[in-house]
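Let me begin by presenting the structure, written as structure tokens, before commenting on it.
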Amino acid sequence: MADGTQVAEAWDRAALLSLFDPATGRLDRRVLSDESLYRLELERIFARGWNFMCHESQLREPGEYLVSYIGEDQVIAVRDEDGLVNVLLNTCRHRGNALCRAEQGRAKSFICSYHGWNYALDGRLIGVPGQKTFYHDDLDRSRLGLAKARVESHLGFYFATLALDAPSLHDFLGETGRTGLAMVCAHGDVEVVEGIQKNVISCNWKIAVDNLFDWYHVPYSHASANSAGFLDIARIQHPRNQMVMLGEYGHAIGGPGIPRDMQDEIDKLSDEERNAMSRAAPDGSPRIRPRKATELMGPVGVRSEGHPNIFPNLWITMSGLQMCLRLPRGPSHTELWWYTIVPKNAPPALKAKMVRQANHVFGPAGLLEQDDGENWSQSTRSSRGVASRELGQNIPMGLGRDQAVASGEGGSVIEGLIGEHGQRWLYRAWTEWMAARDWAELEANHTAPPTGVV
């Protein structure tokens, strides 16, 4: 297998940027299947970017840990004795054995099952069997601690990066990324329900990401859910009230939006009046957000009822009831991790109702996810055919027909009909991440959220 240098030589900057044409919306299908591109993604996107690790409610006490991934690097997120969350590579510095085999748990330290090397919760090497006898007491344990990622948090959501030169998480998220996370906790403190649902789909991770911006597919892919009475497409799709927020580095939010005049009326209501209107609305309707949500999400973001994606692969859906990581497992497979999120102080009966709703919509048993997974799998499969991959994919919907306006702190917003602005923004950002050799080059050459005709 080629190393990162060999892969980068095979794909120079011009070749990488040519894989998607933002002027026409044409996507080279090799983006979904090429092994060398996948290896470069692991280096230039996942190892470089800020990757979601966990929510604070998942690591309440010192010693609590869970195993996650940065690309294909397995890591341990753990709260140490000082209350800090560390993200450690799950590989012993002696012979590379995995320290944690369980997906989550609680530990006082991490002991390697191969030779017994013992690591503290902050990654320090604190014990080596036979250090005096076999190593003659000349092993410098201070140099052999577990490799650590940078860790920062926003609104209780912890992210990690392997890149020392990455900007702060706050700057990386920008207005659009912060709005997406704020959507989850717009109604108050939240917690993640025990048990992350995990399943593997035979698709490239990017098509699983770009689908979250796609409201064009809903009446066709999910017609059976509509026919069964599970989903009221006419009520949720709002094809003429779409709102797309574009942020730096590929973050975006796409889907239905609350028109400005309607939000103006909501702004006049007290929280009590908003709650009364939410209770009177049909089941499944988005709850009207409280007044404080505007402070968290901003005056534009608070009108969004769409799907945020925190680049590269964290999807927030159902107004924050669920989040999903699209974890790469080679160019043709993606592991989905579904998190269900409930109000921290909600009554048990309400939490149980929310969990049932989440289980029936998305995840391994979700009606909608099963429809989507079949489409993603076939689209990925076709990208491997000699003749099929020459055709490319075409995502020009709305191109050159809509207006983008500045949304506030560095982002832009597009309002109007269903389109493919979010998908184009994703692939444009992807090519720029792939073409940049380091963060300095990415910061200097990435496209700012547009204004004007898009």
Which numbered condition S407 fails, given (1) touching a Ser or Thr at 6+ places or on another chain (Cβ under 9 Å); (2) at pLDDT 95 or above; (3) open to solvent by less than 30 Å² (accessible area, probe 1.4 Å):
(2)
Considering (1) under 27 Å from N226 (Cβ atoms); (2) assigned to a helix (DSSP H, G or I), say which one W338 fails and leave the rest.
(2)
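Are there any strands (runs of 3 or more DSSP E) wholly within region 90-162 with 3 or more residues that are open to solvent by 50 Å² or more (accessible area, probe 1.4 Å), and if so which? Show your work before the answer.
Values: elements: 104-106, 125-127, 150-154, 157-161.
Answer list for region 90-162: 150-154.
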Six or more apart or on different chains, Cβ atoms under 8 Å: show the pairs whose first residue is in region 21-42 and among the aromatic types (F, W, Y) and whose second is at pLDDT 95 or above and in a loop (DSSP other than H, G, I, E, B).
Y38/G330; Y38/P331
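Working carefully through the options D214, D232, D189, find the one that is open to solvent by 20 Å² or more (accessible area, probe 1.4 Å), in contact (Cβ under 8 Å) with a residue 40 or more places away in the chain and touching a Lys or Arg at 6+ places or on another chain (Cβ under 7 Å). Step through it out loud before you land on a result.
Values: D214 fails: touching a Lys or Arg at 6+ places or on another chain (Cβ under 7 Å); D232 fails: touching a Lys or Arg at 6+ places or on another chain (Cβ under 7 Å).
That would be D189, the only listed residue that is open to solvent by 20 Å² or more (accessible area, probe 1.4 Å), in contact (Cβ under 8 Å) with a residue 40 or more places away in the chain and touching a Lys or Arg at 6+ places or on another chain (Cβ under 7 Å).
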Hey, can you tell me all the residues within region 40-70 that are in a loop (DSSP other than H, G, I, E, B), touching a helix residue (DSSP H, G or I) at 6+ places or on another chain (Cβ under 7 Å) and surrounded by fewer than 22 Cβ atoms within 10 Å (Cβ to Cβ)?
none
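Here's the yes/no breakdown for (1) of a type in the set (S, T, Y); (2) touching a His at 6+ places or on another chain (Cβ under 6 Å); (3) surrounded by 15 or more Cβ atoms within 10 Å (Cβ to Cβ):
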| position | (1), (2), (3) |
| --- | --- |
| V218 | no, no, yes |
| A223 | no, no, no |
| N226 | no, no, yes |
| Y249 | yes, no, yes |
| I253 | no, no, yes |
| G257 | no, no, yes |
| M262 | no, no, no |
| S270 | yes, no, no |
| R279 | no, no, no |
In contact (Cβ under 8 Å) with a residue 24 or more places away in the chain, assigned to a strand (DSSP E or B) and open to solvent by less than 10 Å² (accessible area, probe 1.4 Å), is that true of L426?
no
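Which one of these is touching a residue at least 12 places away in the same chain (Cβ under 8 Å), of a type in the set (G, A, S) and touching a strand residue (DSSP E or B) at 6+ places or on another chain (Cβ under 9 Å): G320, G298?
G320
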Output the residues belonging to region 378-398 that are among the hydrophobic types (A, V, I, L, M, F, W, C), under 18 Å from F20 (Cβ atoms) and part of a loop (DSSP other than H, G, I, E, B).
I395, M397
Odd one out for H170 among (1) part of a loop (DSSP other than H, G, I, E, B); (2) open to solvent by 90 Å² or more (accessible area, probe 1.4 Å); (3) of a type outside the set (V, I, T):
(1)
Exactly one of these conditions fails for C203: (1) at negative phi; (2) more than 15 Å from the chain's Cα centre (by Cα); (3) surrounded by fewer than 22 Cβ atoms within 10 Å (Cβ to Cβ); (4) of a type outside the set (K, R). Give me its number.
(3)
Please work out which one of (1) under 27 Å from G177 (Cβ atoms); (2) open to solvent by 60 Å² or more (accessible area, probe 1.4 Å) is the condition V300 fails and give its number.
(2)
I'm trying to understand the selection: among the residues of region 282-297, which are in a loop (DSSP other than H, G, I, E, B) and either of a type outside the set (K, R) or surrounded by fewer than 18 Cβ atoms within 10 Å (Cβ to Cβ) (or both)?
P282, D283, G284, S285, P286, R287, I288, P290, R291, K292
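The values are calculated or read from the model by the stated rules, or taken from the named source; none is laboratory data. Since the structure is predicted, the reported quantities are computational estimates derived from the model, not experimental observations. Glycine also receives a Cβ, built like all others from the backbone with ideal geometry; neighbour counts cover every protein chain displayed. Heads up: the accessible areas ignore ligands, DNA and RNA and are worked out on the full protein's heavy atoms, side chains in. Shrake-Rupley method; radii C 1.70, N 1.55, O 1.52, S 1.80 Å.
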